[in-house]
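Input: a single structure, listed below in structure tokens.
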2 protein chains.
Amino acid sequence: MQEKKKIIINGAGLVGSLLGIYLKKRGHEVAIYERRPDMRLSGMAAGRSINLALSDRGLKALAKVGIADEIKKIAIPMHGRQIHNADGTEVFQPYGEDGQYINSVSRSELNMRLMDLAETNGIKINFNERCSTIDWQKNEVTYIHEDSGKNQTVSADIIFGADGAFSASRLQHQLQSDRFEYLQTYINCGYKELTIPANSENEYAMKVNALHIWPRKEYMLIALPNTDKSFTCTLFFPFEGSHSFDALKTKDDVNTFFNKHFTDAVKLMPTLTDDFFNNPTSSLVTIKCFPWVRDHSFALIGDAAHAMVPFFGQGMNCGFEDCSVLDEIMEKSGDDWDKIFAEYQSVRKPDGDAIADLAVENFIEMRAKTADPKFLMQKKLEAKLHEKFPEKWIPAYSLVTFSPDVRYSVAKKRGMLQENIMQEVMSIPGIEQKWDSLEMEHLIMEKWSLLKASLLNEE
Amino acid sequence: MQEKKKIIINGAGLVGSLLGIYLKKRGHEVAIYERRPDMRLSGMAAGRSINLALSDRGLKALAKVGIADEIKKIAIPMHGRQIHNADGTEVFQPYGEDGQYINSVSRSELNMRLMDLAETNGIKINFNERCSTIDWQKNEVTYIHEDSGKNQTVSADIIFGADGAFSASRLQHQLQSDRFEYLQTYINCGYKELTIPANSENEYAMKVNALHIWPRKEYMLIALPNTDKSFTCTLFFPFEGSHSFDALKTKDDVNTFFNKHFTDAVKLMPTLTDDFFNNPTSSLVTIKCFPWVRDHSFALIGDAAHAMVPFFGQGMNCGFEDCSVLDEIMEKSGDDWDKIFAEYQSVRKPDGDAIADLAVENFIEMRAKTADPKFLMQKKLEAKLHEKFPEKWIPAYSLVTFSPDVRYSVAKKRGMLQENIMQEVMSIPGIEQKWDSLEMEHLIMEKWSLLKASLLNEE
């Protein structure tokens, strides 16, 4: 237990709700303020994406406050990528070793459970309260009620900004900071959600325990399973250009395009054209900023600190890990909140940046490389190396997804090291014939030892 | 003349005032709204920096509306850099050819003249009006009067954001745009203004027609002449570290530091310690964003679009050039404002980014390299090449400062090309003995022709 503080959290999303539970368990007085209405009453969507991939880092953070099992009940394991090639063939690529998997969960269902659990723990969530200004001298937040328009000003010892990529807390912080570093940047693709309903026997229309991908180089379609036996599909697609949202203007355009490029999927999508024109096209942002904290009184957390594109499935997991890392630091540092926040920032800022960078890089891998035979050979070689040297060679995807004790920033460095070696090896003439030879294995592991030593020196 | 539009300009700074004059001359109804009080009445400073270097691009833009001569009256020519080395020696480095110079002008005096000229041209400047919100559907700006707190909402056909690095117009634009690219980033140094007054005979205490620099690698002091025979000095200095603002806590600290590192300057600075502790320490930001425009109804201009650090002396000049380039485009495109703004953005965005990058690079050159003998040899060699091949080899500084017909983005590319050649040549063994030989000249110009061809292909 820490000395009891009055704490405000802006945002009752996934991270804000979980953070509340963590802080309450440490003995604090916690109140959450959320701009949106209570989704449990209104049935409104929690955000724009419908399902998410919960993996080991997120589960570890949920487990630490004893709610991982509760959440696992609403999750569907996905053991690998089911690749749907343009020629109609399919191939399954496991994500890791046997028994390693990620979990498809509904964002709104997960968020509602977390809100319930926050309230069960004695936290009051105030809905429809828009954070309008923060007075950093007085540590007071002014909220405007979205329906009544009424203002209220609330003071606190500590304020957390867990209010997402377009955080109102962060904007207040930015506008009243000197030397605030800030970057927001978008990729050239947007996304649109579509659906594959349960089939006529009320069963999943495709293999359930996989994340389905239709990689098409400049764009891709993915599908994640839902508990109601439907799949939510997401089309990642350029905004402009010959194949783009801009170019698909009519239902005919959409049908023609999908029939040509997603031939197997389109048969499972009876509401395709309606979905396409009714559902919004959303953009994909990366946000980096610094500092995340103000002395002992304010910290950004989750997307508010480090928004990332979804291609590593780590946005939520990273936000949950922010909470568990912060908790570890609180455990160590007692009541010295200057120290707690300084260490939280110094540990998490490089990790947030690292996973944001990896997420952009993974977009290229997912849409382009998963269909490339040489890439698949490389993945097989890496899997073999991992099997023979499980402590040494761990594929970057596994480091990020299944190794929650390895920091994102370290995973990124180790991944780059391995990728550099692989690039060298894959360019050896005749590699197709000898990739799984003992000669190659020795060569690779020699390079690995050499480079690893210099990496360790750096850390 | 164009079809008369109702135009609002946010900001009566240097760029806002000049832009007003340009637009008024094209026949528009122009009103300017400025957050600050009228500096002509209040005697308040126009901004943070006291004097500026006006050079050919800025003068060209002033000349186009017939006010260059008027402004030149308050400017002091600076023909080169007067370097004050750490060992007490001095050396003069001309900026360009004979007759090429930049001009030291007082920011507030220049701003007041431009406001006068705007009013003479029939523009109303509304002071103390803070831009609070912009309604992009109605094209209406709401201002709050800084004294009375009274709101007023003004509608316009076209709104310009000329309100500086921390533009309120840009924030409204950003908050209501999807896919807005934004970067703000600071260098590790801040600045503080100090003064060298006129000497006891009421004369300049140093050579008047030069920009004085005390380069000290990690930091530097500069001084620009004022019309009252004083110099304004600016210390560019790290915020933190062993030599930093943070480390100079007492008057003794300041005296000791200046006596050691700026021995000749400190003798001319009787109010040094008072200035040091009374004047603010300011930060140095680079801002890049996109888009700069909204269809036919809004455009950012000057620092609001592209804030840069001051080390190329181009912030104001670039903002003035924005106005003259916009005017050229208006001349060509008549009343099609969608087209005018699209072209303005497509031309000026790469140029704004280029000069912002060059400005950061020049910081390194100014504080570190101007005291390096090899760098001075390189500058001499480049000056010689320019003399022999005046159309081919133009030093980057001259391209930016004295070649207003060469775009910043082209100046940057040509500068990089030349710098790459110089780096190669300077690393030739024994170059000290043969740098001005015919052999080297042939080698350099051969490389130049080769690389220039590929550069031209790219453009």
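The values are calculated or read from the model by the stated rules, or taken from the named source; none is laboratory data. Small disclaimer: the values here were computed from a predicted structure and weren't measured. For neighbour counting, all protein chains shown are included, and Cβ atoms are generated from backbone atoms with ideal geometry for every residue, glycine included. Quick note on the areas: whole protein, heavy atoms, side chains included, nothing else; ligands and nucleic acids left out. Shrake-Rupley method; radii C 1.70, N 1.55, O 1.52, S 1.80 Å.
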Being within 25 Å of A:Arg216 (Cα to Cα) and buried (at least 19 other Cβ atoms within 10 Å of the Cβ) is the filter here; which residues of the stretch A:61-80 pass it?
A:Met78, A:His79
May I ask you to list the residues in the stretch A:169-197 that are more than 19 Å from A:Ala299 (Cα to Cα) and either of a type in the set (Lys, Arg) or away from chain B (no Cβ under 14 Å) (or both)?
A:Lys192, A:Glu193, A:Leu194, A:Thr195, A:Ile196, A:Pro197
1 or more residues in contact with a His (Cβ under 8 Å, 6 or more places away or on another chain): qualifying strands (runs of 3 or more DSSP E) within the stretch B:188-281
B:211-215, B:220-225, B:231-238
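Please find, within the stretch A:222-271, the residue that is nearest to A:Pro310 (Cα to Cα) out of those that are surrounded by fewer than 15 Cβ atoms within 10 Å (Cβ to Cβ) and among the small types (Gly, Ala, Ser).
Only one residue tops the list, namely A:Gly241.
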Within the stretch A:198-217, restricting to residues that are surrounded by fewer than 17 Cβ atoms within 10 Å (Cβ to Cβ) and out of contact with any strand residue (DSSP E or B) (no Cβ under 7 Å at 6 or more places or on another chain), the one that is farthest from the other protein chains (Cβ to nearest Cβ) is A:Glu201
Just a yes or no: is a residue in the stretch A:108-118 of a type in the set (Ser, Thr, Tyr) and modelled with pLDDT of 95 or more?
no
Identity of the residue in the stretch B:41-65, of a type in the set (S, T, N, Q) and either outside the structural domain of B:Asp327 (by TED's automatic domain parsing) or over 21 Å from B:Ile21 (Cα atoms) (or both), that ends up modelled with the lowest pLDDT:
B:Ser49
Could you list, in sequence order, the residues of the stretch A:410-459 that are more than 17 Å from A:Met377 (Cα to Cα), among the acidic types (Asp, Glu) and in a helix (DSSP H, G or I)?
A:Glu446, A:Glu458
Hey, B:Gln137 hits all of (1) open to solvent by less than 10 Å² (accessible area, probe 1.4 Å); (2) under 30 Å from A:Asn188 (Cβ atoms); (3) away from chain A (no Cβ under 14 Å); (4) not hydrophobic (A, V, I, L, M, F, W, C) but one; which does it fall short on?
(1)
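A quick yes/no check of all residues on (1) away from every other protein chain (no Cβ under 14 Å); (2) farther than 18 Å from B:Arg179 by Cα; (3) in a loop (DSSP other than H, G, I, E, B):
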| position | (1), (2), (3) |
| --- | --- |
| B:Lys288 | no, no, no |
| B:Asn317 | yes, yes, no |
| B:Phe320 | yes, yes, no |
| B:Ile329 | yes, yes, no |
| B:Lys332 | yes, yes, no |
| B:Ala342 | yes, no, no |
| B:Val347 | yes, yes, no |
Within the bounds of the stretch A:283-295, is there any residue that is without any contact (Cβ under 8 Å) to a residue 24 or more places away in the chain and open to solvent by 10 Å² or more (accessible area, probe 1.4 Å)?
no
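Does B:Glu387 meet the test of being part of a helix (DSSP H, G or I), at pLDDT below 95 and open to solvent by 10 Å² or more (accessible area, probe 1.4 Å)?
Numbers: part of a helix (DSSP H, G or I): yes; at pLDDT below 95: yes; open to solvent by 10 Å² or more (accessible area, probe 1.4 Å): yes.
For B:Glu387, the condition - part of a helix (DSSP H, G or I), at pLDDT below 95 and open to solvent by 10 Å² or more (accessible area, probe 1.4 Å) - is met.
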Is there any pair linking a residue in the stretch B:1-30 that is buried (at least 20 other Cβ atoms within 10 Å of the Cβ) to one that is polar (S, T, N, Q) and assigned to a loop (DSSP other than H, G, I, E, B), with Cβ under 6 Å and at least six apart or on different chains, and which?
B:Ile21/B:Asn121
Would the stretch B:391-409 turn up any residue that is part of a helix (DSSP H, G or I), outside the structural domain of B:Phe290 (by TED's automatic domain parsing) and charged (D, E, K, R)?
no
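Residue-wise test of (1) in contact with a Pro (Cβ under 8 Å, 6 or more places away or on another chain); (2) open to solvent by 20 Å² or more (accessible area, probe 1.4 Å); (3) modelled with pLDDT of 95 or more.
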residue	(1), (2), (3)
A:Ile159	no, no, yes
A:Ala162	no, no, yes
A:Ser169	no, no, yes
A:Gln176	no, yes, no
A:Leu183	no, yes, yes
